[in-house]
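A quick write-up on the structure given underneath.
The values are calculated or read from the model by the stated rules, or taken from the named source; none is laboratory data. For clarity, every value in this text was computed on a predicted model and none was experimentally measured. Heads up, the Cβs are rebuilt from the backbone with ideal geometry, glycines too, and the neighbour counts pull from every protein chain shown. Just so you know, the surface numbers come from the protein's heavy atoms only, side chains and all, with ligands and any DNA or RNA stripped out. Shrake-Rupley method; radii C 1.70, N 1.55, O 1.52, S 1.80 Å.
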Amino acid sequence: MLLEMPPLRLARLLQDEGRLREAVAAARAEYLRYTGASQVAAAAGTTAPATREELAERLFAALHEQHPQLAGRLTGMLLELPEPELTELLDDRELLTLRTEQALRALGR
């Protein structure tokens, strides 16, 4: 997944540690989905802990950029979403902004 990126995009990732971590976590999550590790956890009624934890870390980092005081609370609220939607949020900044605004409205801010 990462090695299939155009060279310019990969070079930009290598310059930004935060985005590189996000890309590696997304690639890992995709690998786990591909190998069926997430399916085993889903069949057991759970989410693969490492994957969910990594999503939470990435989400917190993204939210902390815009809302450092509320990042923990917003992360907790958005973690209520299904895992595929969380992955989508982390891949699409506009969608993340939209969901964050909805969470902020729910908090009355």
In the range 58-93, which residues are charged (D, E, K, R), open to solvent by less than 80 Å² (accessible area, probe 1.4 Å) and under 21 Å from GLU17 (Cβ atoms)? ARG58, ASP92, ARG93
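Which members of the range 94-109 meet the condition of being among the β-branched types (Val, Ile, Thr) and surrounded by 14 or more Cβ atoms within 10 Å (Cβ to Cβ)? Before the answer, list the steps.
Of the range 94-109, the ones among the β-branched types (Val, Ile, Thr) are 97, 100.
Within the range 94-109, THR100 is the sole residue that qualifies.
Okay, residues lined up against (1) within 12 Å of the chain's Cα centre (by Cα); (2) part of a helix (DSSP H, G or I); (3) modelled with pLDDT of 75 or more:
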residue	(1), (2), (3)
TYR31	no, yes, no
ALA41	no, yes, no
GLU54	yes, yes, yes
ARG58	yes, yes, yes
ALA62	yes, yes, yes
THR87	yes, yes, yes
LEU95	yes, yes, yes
GLN102	no, yes, yes
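Please enumerate the residues belonging to the range 81-109 that are farther than 21 Å from ARG33 by Cβ and of a type outside the set (Gly, Ala, Ser).
Of the range 81-109, the ones farther than 21 Å from ARG33 by Cβ are 93-94, 97-109.
Selection gives ARG93, GLU94, THR97, LEU98, ARG99, THR100, GLU101, GLN102, LEU104, ARG105, LEU107, ARG109.
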